[in-house]
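Here's the structure we're looking at; comments come further down.
The values are calculated or read from the model by the stated rules, or taken from the named source; none is laboratory data. Values in this document were obtained by computation on a predicted structure and should not be read as measured data. Here the Cβ positions follow ideal geometry from the backbone for every residue, glycine too, while neighbour counts run over all protein chains shown.
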Amino acid sequence: MALSDVLPDEDPTLTLGELATLVGGELKGDPLTRVTGLGTLERATPSQISFLANPRYRAQLSTTQAAAVLMKPEDAVGYEGQAVLLANPYLAFAQLTHRFDRTPRPAVGVHASAVIARSARLGEGVRIGPQVVIGEDVVIGARVIIESGSVIHDRVHVGDDCVIRSRVVIHHDCHLGQRVSIQSGAVIGGDGFGFAPARGAWHKIAQIGAVILHDDVDIGVNTTIDRGALEDTVIHTGAIIDNQVQIAHNVVIGAHTAIAACCGIAGSTRIGAHCVLAGGVGVVGHIEICDRVQITGMSMITKSITEPGSYSSGTAFDSTDNWKKMAVRLRRLDELAQRVRALEDATDQS
Amino acid sequence: MALSDVLPDEDPTLTLGELATLVGGELKGDPLTRVTGLGTLERATPSQISFLANPRYRAQLSTTQAAAVLMKPEDAVGYEGQAVLLANPYLAFAQLTHRFDRTPRPAVGVHASAVIARSARLGEGVRIGPQVVIGEDVVIGARVIIESGSVIHDRVHVGDDCVIRSRVVIHHDCHLGQRVSIQSGAVIGGDGFGFAPARGAWHKIAQIGAVILHDDVDIGVNTTIDRGALEDTVIHTGAIIDNQVQIAHNVVIGAHTAIAACCGIAGSTRIGAHCVLAGGVGVVGHIEICDRVQITGMSMITKSITEPGSYSSGTAFDSTDNWKKMAVRLRRLDELAQRVRALEDATDQS
Amino acid sequence: MALSDVLPDEDPTLTLGELATLVGGELKGDPLTRVTGLGTLERATPSQISFLANPRYRAQLSTTQAAAVLMKPEDAVGYEGQAVLLANPYLAFAQLTHRFDRTPRPAVGVHASAVIARSARLGEGVRIGPQVVIGEDVVIGARVIIESGSVIHDRVHVGDDCVIRSRVVIHHDCHLGQRVSIQSGAVIGGDGFGFAPARGAWHKIAQIGAVILHDDVDIGVNTTIDRGALEDTVIHTGAIIDNQVQIAHNVVIGAHTAIAACCGIAGSTRIGAHCVLAGGVGVVGHIEICDRVQITGMSMITKSITEPGSYSSGTAFDSTDNWKKMAVRLRRLDELAQRVRALEDATDQS
């Protein structure tokens, strides 16, 4: 038996006509043109299809070699080349990428080297790779993919069509909805950082909550989501979380919120729906951020946010020499403000 | 053989009388009340016990459904409900969580799929899960738990009662004291980042020190602690380190210091005892931080600290529009200060 | 069969004469002096060799117990002890560390518990440890070391003399040159964070590029390097990347650039050659940083950099009390600047 089903069975190439039908677009060009792949406007070969989603790349239309370009009708005005016209070319491009994706899947069934507890229940069509460990009373839904070396602890529930990449750990009693995707190295349901201080030492608080990942949640590589202390840590439907993000115990993330790489969310904080946190953002514990908040990269959020909008902290970068002068002045900013006040008083009196 | 001993053998439920004895508290209420779990004041059910540790939750006493509340005697004045009175209710709560903890343990013994070097010595009562790898001349103490997929390299020493969760790596020659806990995905003793520059290229310096984790140290998920270059990296007794923390080679962390998630400590820095670093703090290399220092979240510490106390860096967050104005002004702060000086000179002369 | 070849076959000890020849230095002292290890000037024992690379440690020459000291000829003037004189003592020290390195290597061959696809091709002298998984059509070069629990997915190419430590994941179609080193827990070729927004939800874009690591690249513990969306993510020759670094899809890192721990580089950014990023630096996406740029710790780089030199952002740390005053003033900096302008106007008029 092969380790994996290397490629989709079907040939991924298609004609431009088939492609237009697939994405629901209007074809401007020869429906028999052969499409063998995808490329950027700048680098696509004559058998690849490309897309124009961001107007700033419009100038590349005049030089692109692409077989055809996915674009909005209004962008195609005056464009001579072949095109597929539709309202959301970026979404169409996203759909097409899956056609050309060569990610191997473990072969259907359970690899001989996997260790599966007798009480675990596996759905139909599961693909469980080498060295996977599945604990007691685990439930794995239909068509779930679990790659090499992942560990699913006792009583975890994995919904239908989830994809669990390599060397993931899901600790006991966590619950995944349907179509949840977890990238390699992520750890779901590790112990939260809970300790009671007494007599100069720290006493561990067992973390008896779990983690709930609702449908269509996407978790990045080496990201860590801690189990709740008493209640659960919850990530709502369709939230997407990038690599090396840390989500502490009892955090709640709203539906369709996006959290970029290297963010850290401290314990018991609640983030609303449709928020976007850029990379490296830190959010302190026990606060609430409302729906539709954007936070720019590496900002530190120390208080609740109750109004939608964009928020930032930090300083702009500069040459280290200029930055040092600024930093010295900054430490004396309070004094400077007092001197301005004194000048104002002097001016008023004069 | 089952993969795990799913639950503590005993029924975790107990009476309020037994509970008061267990935590050494004074019972105000019916000793026969049945307690089946733990909950927050806000959400505890009538068979769960709760606790009041932070006065800010005092108002919830009037509405809680909890079977009883762990609290200080002074907080119980005027409280009509059932209570267990003691000096440190949060510590008592911490003790009770272990009673209701359902973390599965690998079955006693060595799982058939584990690979154990012939020269390794295993203490009595060890629980070694599936796919674990234990190298040559490793010593594993009594009652140690090692979960699935962890790798313990040659000559590592693991003291009695340590708990090593899933997919941990401990590299060669590292030493763990007793009751050390390492969460999933952590890597202890990877190579430090040591390279000698020559002729425009980097030449690797083999890292021939190790990592010493003293008794009762707690290491978080996906945290990385590098081995020393020549001498050892050392974490002293009872220090607790959260998830995704990076500790570079030759760092020394003092006893009972707490380091929250996403901190990074650069090489050869020494941090004292009883310090607390909030999340995302960065500390540069080759400095010393004395005992009992607190550092607030996402601060950058660039020089030694010789006085206990609290330290911070960064800026407060604001709406991105306001923040941009601030950031522009900040780049011209030196110029602003010079203009204030000029005004002062002008005012003095007038 | 032993799990590992525990130690280099040869006795690591050597004479001072042999050592001087090995590093190409001029010996001042007894060539028969026995050297059994390496130590710092401060702590070396009389059978260990030490080095003086940084003039700030020069004073320690008078008290060191070291058998001999690697140093520059100009630093040896007036030094009475034994020495090995050469132009780059730190490089010589780096060379010697490998002599005393005790890192175990998996035994030559393939461990019985490893799972190797039939179509994989293994070079001569490979050392493949327990629980390793190697997918279909993988090519592993000569003398490659792969430690326990690592997963190499389909069609990956690993060049000669690469070292892949424990529990590494390399996803499909990635390409490693020669002598690439990947520390434990790193994940190469995970999916980039690419989603198309439509109707309030995120639609995954399959990541069909790969990761290319050129010769002599060094990747740290738990570091994550995402595969490209359409084209590849590329790390050029001799770049060194520390622990817990996140490199997003389509990033290009130039040759011999060093990136310290906890940095995050967002998608499609290009960093030049011979750059140095200190720990915790964040770089936004879609920008370019030219060759020979240094960035100080925890800086946030938000725009392209076209001039070599050193760059910084952030604020200096202070006591939290002082910092709070500063932070309050800072939020009103725009107002303060306007007040200074008003004073200047008033002064001009007077």
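Counting the residues of the stretch A:105-121 that are closer than 30 Å to A:Asp11 by Cα and part of a strand (DSSP E or B) gives 4.
State all residues of the stretch C:113-147 that are buried (at least 24 other Cβ atoms within 10 Å of the Cβ) and under 13 Å from A:Ser148 (Cα atoms); if no residue qualifies, say none. Answer for the stretch C:113-147, where residues must be buried (at least 24 other Cβ atoms within 10 Å of the Cβ) and under 13 Å from A:Ser148 (Cα atoms): C:Gln131, C:Val132, C:Val133, C:Ile134, C:Gly135. The strands (runs of 3 or more DSSP E) found wholly in the stretch B:176-227 and carrying at least 3 residues that are closer than 18 Å to C:Ile182 by Cα and either more than 8 Å from chain C (Cβ to nearest Cβ) or over 16 Å from the mean Cα position of the chain (by Cα) (or both) occupy B:187-190, B:201-204. Within the stretch C:99-122, the set of residues being out of contact with any Lys or Arg (no Cβ under 8 Å at 6 or more places or on another chain) and hydrophobic (A, V, I, L, M, F, W, C) comprises C:Phe100, C:Val110, C:Ala112, C:Ala114, C:Val115, C:Ile116, C:Ala117, C:Ala120, C:Leu122. Within the option set C:Arg118, C:Arg127, being at pLDDT 95 or above and out of contact with any strand residue (DSSP E or B) (no Cβ under 8 Å at 6 or more places or on another chain) holds for one residue only, C:Arg118.
If the condition is being more than 9 Å from chain B (Cβ to nearest Cβ), under 22 Å from B:Pro104 (Cα atoms) and part of a loop (DSSP other than H, G, I, E, B), then the stretch A:149-165 contributes A:Val156, A:Gly159. Counting only residues that are away from every other protein chain (no Cβ under 12 Å) and within 15 Å of B:Thr36 (Cα to Cα), the stretch B:58-113 holds 4 of them. Which one of A:Gln244, A:Gln178 is over 30 Å from B:Pro89 (Cα atoms), surrounded by fewer than 24 Cβ atoms within 10 Å (Cβ to Cβ) and not acidic (Asp, Glu)? One residue alone meets the criteria, A:Gln178.
If you go through the stretch B:197-215 and keep only what is aliphatic (A, V, I, L, M) and either within 20 Å of B:Ile170 (Cβ to Cβ) or surrounded by fewer than 20 Cβ atoms within 10 Å (Cβ to Cβ) (or both), you end up with B:Ala198, B:Ala201, B:Ala206, B:Ile208, B:Ala210, B:Val211, B:Ile212, B:Leu213.
What are the residues in the stretch C:135-163 that are under 18 Å from A:Gly185 (Cβ atoms) and of a type in the set (A, V, I, L, M, F, W, C), if any? Correct list: C:Ile146, C:Val151, C:Ile152, C:Val156.
Here C:Asp216 meets each of (1) modelled with pLDDT of 95 or more; (2) farther than 20 Å from C:Val163 by Cα; (3) not hydrophobic (A, V, I, L, M, F, W, C) with one exception, condition (2). Taking the criterion of being surrounded by fewer than 18 Cβ atoms within 10 Å (Cβ to Cβ) and within 20 Å of the chain's Cα centre (by Cα), the only residue of the stretch A:295-318 that qualifies is A:Ser310. Out of contact with any Asp or Glu (no Cβ under 6 Å at 6 or more places or on another chain), closer than 30 Å to A:Leu277 by Cα and among the acidic types (Asp, Glu), is that true of B:Asp321? Criteria met by B:Asp321.
So that you can scan it fast, the table gives a plain yes or no per residue for (1) touching a Ser or Thr at 6+ places or on another chain (Cβ under 8 Å); (2) under 12 Å from A:Ser166 (Cβ atoms):
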{"position": "C:Pro130", "(1), (2)": "yes, no"}
{"position": "C:Gly149", "(1), (2)": "yes, yes"}
{"position": "C:Val163", "(1), (2)": "yes, no"}
{"position": "C:Gln178", "(1), (2)": "no, no"}
{"position": "C:Gly185", "(1), (2)": "yes, yes"}
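Residues that are away from chain A (no Cβ under 14 Å) and touching a residue at least 24 places away in the same chain (Cβ under 8 Å) within the stretch B:124-145 comprise B:Gly135, B:Gly141, listed in sequence order. Taken over the stretch A:224-249, the criterion of being out of contact with any strand residue (DSSP E or B) (no Cβ under 6 Å at 6 or more places or on another chain) and in contact (Cβ under 8 Å) with a residue 40 or more places away in the chain is satisfied by A:Thr237 alone. Taking the condition of being more than 29 Å from the chain's Cα centre (by Cα) and charged (D, E, K, R), how many residues in the stretch B:100-118 meet it? Of the residues in that region, 1 qualify.
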